[in-house]
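First the structure, then my questions, so here it is.
The values are calculated or read from the model by the stated rules, or taken from the named source; none is laboratory data. Source: prediction; values computed, not measured. So basically every Cβ, Gly included, is an ideal-geometry build from the backbone, and we count neighbours across all protein chains shown.
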Amino acid sequence: NAGVMQNPRHLVRRRGQEARLRCSPMKGHSHVYWYRQLPEEGLKFMVYLQKENIIDESGMPKERFSAEFPKEGPSILRIQQVVRGDSAAYFCASSPRGQGVFVGGNTIYFGEGSWLTVV
Amino acid sequence: DQQVKQNSPSLSVQEGRISILNCDYTNSMFDYFLWYKKYPAEGPTFLISISSIKDKNEDGRFTVFLNKSAKHLSLHIVPSQPGDSAVYFCAARTSGGSNYKLTFGKGTLLTVNP
């Protein structure tokens, strides 16, 4: 998982504030994925982005959550008006190619995660 | 609805012995299974995978077994080493589904004692 950079590693927000989590993919990767791990749960897919495009956001909560991957700069997962239930580890992953063609389990590389705590 | 279940939250074994981590699934549409390893404060790292057309895949000390009729897979680590101590996630992909939309289990914490 070396190379996918996430920051901040830990973020504390009060209820109602905004949280912004950033992800820089591995060099040469143009596909970014966000996953969330709630306490005592497995990782769950949230959104898949390419540069300037949202490819699949079927795992994103309908409200307060948004993601972008601009032409320049990192991908950002934004959570508005955070609530305690948003407290989780948020993992970003990247791949060098789209996942429409399966080429093996090790094509998605995860970052170290951002831990959000809402107080 | 937990489609991928890892019923043992933790497992402790002695160094040099075999570690067996189990995973059960309920969705018969899953056709590819993966194991990820995760150290504290790090992201998951791919370990080994198996297609539903196989019943065994081996990579060094790691072997994954798949029993489709029982909807069960297991990861064997032999011999276990202290550096194997981590959380192990079982994950599955639906046939025809996107490779990034994996369904993960809750994980099993493996502790290998020296």
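Going by the structure shown, is B:Asn57 more than 14 Å from chain A (Cβ to nearest Cβ), more than 15 Å from B:Ser85 (Cβ to Cβ) and in a strand (DSSP E or B)?
Answer is no for this residue.
Which number in (1) in contact with a strand residue (DSSP E or B) (Cβ under 8 Å, 6 or more places away or on another chain); (2) closer than 15 Å to A:Tyr109 by Cα; (3) in contact (Cβ under 8 Å) with a residue 24 or more places away in the chain marks the one condition that A:Phe45 misses?
Evaluating A:Phe45 over (1) in contact with a strand residue (DSSP E or B) (Cβ under 8 Å, 6 or more places away or on another chain); (2) closer than 15 Å to A:Tyr109 by Cα; (3) in contact (Cβ under 8 Å) with a residue 24 or more places away in the chain leaves (3) as the failure.
For the structure I just gave you, tell me whether B:Val87 is away from every other protein chain (no Cβ under 14 Å), assigned to a strand (DSSP E or B) and either without any contact (Cβ under 8 Å) to a residue 12 or more places away in the chain or of a type in the set (A, V, I, L, M, F, W, C) (or both).
Taking the combined requirement at face value, the residue does not satisfy it.
Are any residues in the range A:31-61 small (Gly, Ala, Ser) and under 14 Å from the mean Cα position of the chain (by Cα), and if so, which ones?
A:Ser58, A:Gly59
Sticking with this structure for a sec: If the Cβ limit is 7 Å and pairs must be 6+ apart or interchain, which residue in the range A:16-27 that is over 10 Å from A:Met5 (Cα atoms) pairs with which residue that is of a type outside the set (A, V, I, L, M) and not in a strand (DSSP E or B)?
As it stands, the answer is A:Gly16/A:Gln81; A:Glu18/A:Gln80; A:Lys27/A:Gly3, since those pairs meet every condition given.
Considering only residues that are polar (S, T, N, Q) and either at pLDDT below 95 or closer than 10 Å to A:Val47 by Cα (or both), which ones fall in the range A:58-81?
A:Ser58, A:Ser66, listed by residue number.
Please enumerate the residues belonging to the range B:17-51 that are without any contact (Cβ under 8 Å) to a residue 24 or more places away in the chain, over 20 Å from B:Leu109 (Cβ atoms) and over 11 Å from the mean Cα position of the chain (by Cα).
Across the range B:17-51, the qualifying residue is only B:Ser51.
Identify the residue in the range B:21-35 that is of a type in the set (A, V, I, L, M) and crowded, with 17+ Cβ neighbours inside 10 Å and, among all such residues, is nearest to the other protein chains (Cβ to nearest Cβ).
B:Leu34
Additional query: Test A:Arg36 against the stated conditions and say whether it is part of a strand (DSSP E or B), away from every other protein chain (no Cβ under 12 Å) and at pLDDT 90 or above.
no
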